[in-house]
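Have a look at the structure below before the remarks.
The values are calculated or read from the model by the stated rules, or taken from the named source; none is laboratory data. Given the structure is predicted, the values throughout are model-derived calculations rather than measurements. Positions of Cβ are backbone-derived with ideal geometry, glycine not excepted, and every protein chain shown enters the neighbour counts. Accessible surface areas use protein heavy atoms only, side chains included; no ligands, DNA or RNA. Shrake-Rupley method; radii C 1.70, N 1.55, O 1.52, S 1.80 Å.
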Number of protein chains: 2
Amino acid sequence: MVKIAVMGYGVVGSGTVEVFYKNLSSIETKIGDNAEIKYILDLRDFSGTPYDDKFIKDFNTILNDPEITVVAEVIGGLKPAYDFVKSLLEAGKSVVTSNKELVAEKGAELLHIAREKKVNFFFEASVGGGIPIIRPLHHCMSANEIDEIAGILNGTTNFILTKMINEGMAFDEALSTAQKLGYAERNPAADVEGHDACRKICILASLAFGKHVYPKDVHTEGITEVTLEDVQYCNDFGGAVKLIGWAARRGGKAAVMVCPAFISEESQLSSVNDVFNAILVRGDATGDVVFYGKGAGKLPTASAVVSDIIMAAKMHGNSKSLYWETSDGEFILDYKELKNKFYLRLICGDKAAAVKQAEKMWGKVKILHRDQESENEIAFITEEVSERQFESDCAELAKSAEIKGKIRVLDY
Amino acid sequence: MVKIAVMGYGVVGSGTVEVFYKNLSSIETKIGDNAEIKYILDLRDFSGTPYDDKFIKDFNTILNDPEITVVAEVIGGLKPAYDFVKSLLEAGKSVVTSNKELVAEKGAELLHIAREKKVNFFFEASVGGGIPIIRPLHHCMSANEIDEIAGILNGTTNFILTKMINEGMAFDEALSTAQKLGYAERNPAADVEGHDACRKICILASLAFGKHVYPKDVHTEGITEVTLEDVQYCNDFGGAVKLIGWAARRGGKAAVMVCPAFISEESQLSSVNDVFNAILVRGDATGDVVFYGKGAGKLPTASAVVSDIIMAAKMHGNSKSLYWETSDGEFILDYKELKNKFYLRLICGDKAAAVKQAEKMWGKVKILHRDQESENEIAFITEEVSERQFESDCAELAKSAEIKGKIRVLDY
């Protein structure tokens, strides 16, 4: 009999218990043993629910119970989740988690403890909700070098951008619609400023490149500056504005960034709408593979947690290959060294002069148009230019024109 | 040291050896041991290639070498692959294969032998080339009941349909273009008549439902009857014609079919173009998840074979859950019991009378249009009707009108 504890009975935690008991007989077949959830840890009172007898309030009950071999951490955040998970792994219990902040900040350390203790630390639910991505990246593509990853990793911002693109809503209106529907929190900063997407690309990049990518080292821009005008120009470009988390090998280092980007309509990522997520993985042998689905939600995320519980319950010993090392700040390339194409929107007195100046700096530019374009507005796409050069060029350009929009053009 | 044999040195076999040695150091890390390919079995002469000393012509050399623990079968077809694989599993060696015909016809039997002998039979490369689909379906979605699967499973037919849709090529011209580019074989029957897609949906359905679905029990229609006119009407419908292999639970039985279908442009499957494949998996907890990528090609397929080699090399004992049982003919629902919407294109003297007759049989129909629609042509979409009823209704309708096009409308 495999005995499991679930820590946290919020949306994902209650979903985990629900999915576990709904599919128990097929889960037991897959594990090859009987299984039960012995404890549910939550400080709140859930008396009267069907799992009344399982609720506990003291973490040490789980830590000190030798019968418990697998624990699901679905509390979220670093405190107290980090201390809990660390103690459990050190006590020789496997842990599975949906906690992206925990994995993005402490993954290397926790994976190392799990290896030492010959147990497992799994986190399929931390990226892409119910989309299988961690295990396919690690297992099925194990014969590939992963060169690049690019993803629409945050459903809230993708919903907002979809409303702007398809219904012409301004950012604020789209955000408040998302809040009304429960897709965005009252304080939407973690989503709209890109921090949530940043944590997820850090996890994917760490796994793909074998060294920890820390959120603090990743240049992160959100979507708060994206305007309806930008969205309209992107339509003329032939694509859609998406918030992209991406990571690529550059020599022995990793380039990692989160930013809004123009994505061509030929890309599989451009047609990913509403709260859906998609992750493109570029392998040296497979070419581009895309994983698409609901990136959040109670049951999709819970099903990923339960599939990790099954894996942890049936696996004897540590999964040697699900691992990455710690790294120092040197591993991440300074983003200013990167080269990108840019979309730029200007307000200026002399459009011809502005284009002339732009072409002097960046070579031939591609002019874009939109309906009801104002008379002194001009928008275009540059050739590739280094981030550092572009920044100083823009400072120069800003002397004679007002820069109203600036978005990277990415090729995924 | 893990010693491996590769049987067959065609496109996939030579790719397997190439990918294996290119990534050997990371493969050995993942296996946790040194590894080498000891034998390559092929009756043809490959002297002068870099792996000269590994080629053998006698299968028994592999069978009788106790050092060989993992064998990749990439010969294709049933003879002699089936006898070889069966003997190897019976001798206690794990086998990985890209051979869809072998898995679709003999999967249950071979999985059973592997289980008895405590070794593994893996086949990630048999569906979707380099797209990870078998293992995600089996592992990562293990907490889900899989209710339905629908896929664009054949790159050749998808290339042909894309040429028809985007460039207005007729079927014959698109087929000969595919042949010139090496995407279609000189005898294209297995692709264009749907047999290749049928084998793949059989494998996916067997895995998802836990019972073997045999190709002979699956109603299979290819794309040879799809015309440019149909493609144009589908454009007015708001979607694309795709060859879909699909499988769904219906009570205790399975509904499985391969057929061309109108797919709405809102579906992620409608934007899958050229030789790409995509597989939609509908789980009870995850909702729809889509896997997209190159469904064929030397290196993508080889990378899937090598990832199975890695899994087989590092795993001790049989993967208990990658398994399905044999089944009798009763498991598959007679397709005539299924209900579908249909697109129908008619040539008739009296269009109004034809519509009236159609609506009498099938309720309100949705009329479609196209440019240069001929005067006595009419096309529409019906409401849901049983296949059996529709067939007899069409026989009735054919008395007063000529049925020129008949394609299912599927909701994926």
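Structure notes:
- Elements of the type strands (runs of 3 or more DSSP E) sitting completely within region A:277-385 and holding at least 3 residues that are facing another protein chain (nearest Cβ under 10 Å) and closer than 29 Å to A:N99 by Cα: these cover A:287-294.
- All positions within region B:3-44 that are within 23 Å of B:G297 (Cα to Cα) and among the acidic types (D, E): B:E18, B:D42
- Hits in region A:386-412 - residues which are acidic (D, E) and not in a loop (DSSP other than H, G, I, E, B): A:E387, A:E391, A:D393, A:E396, A:E402
- Taken over region B:251-267, the criterion of being crowded, with 19+ Cβ neighbours inside 10 Å and outside any loop (DSSP other than H, G, I, E, B) is satisfied by B:A254, B:A255, B:V256, B:M257, B:V258, B:C259, B:P260, B:A261, B:F262, B:I263.
- Output for region A:268-284, where each listed residue is open to solvent by 10 Å² or more (accessible area, probe 1.4 Å) and among the small types (G, A, S): A:S270, A:S271
- Screening A:P215 against (1) in contact (Cβ under 8 Å) with a residue 12 or more places away in the chain; (2) out of contact with any Cys (no Cβ under 7 Å at 6 or more places or on another chain) leaves a single unmet condition, (2).
- Identity of the residue in region B:224-250, under 17 Å from B:I152 (Cα atoms) and free of Cβ contacts under 8 Å to residues at least 60 places away in the same chain, that ends up least open to solvent (accessible area, probe 1.4 Å): B:G239
Yes/no per residue for (1) aromatic (F, W, Y); (2) in contact with a strand residue (DSSP E or B) (Cβ under 6 Å, 6 or more places away or on another chain); (3) closer than 19 Å to B:F262 by Cβ:
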site	(1), (2), (3)
B:C348	no, yes, no
B:A354	no, yes, no
B:I381	no, yes, yes
B:E387	no, no, yes
B:S400	no, no, no
B:I407	no, yes, yes
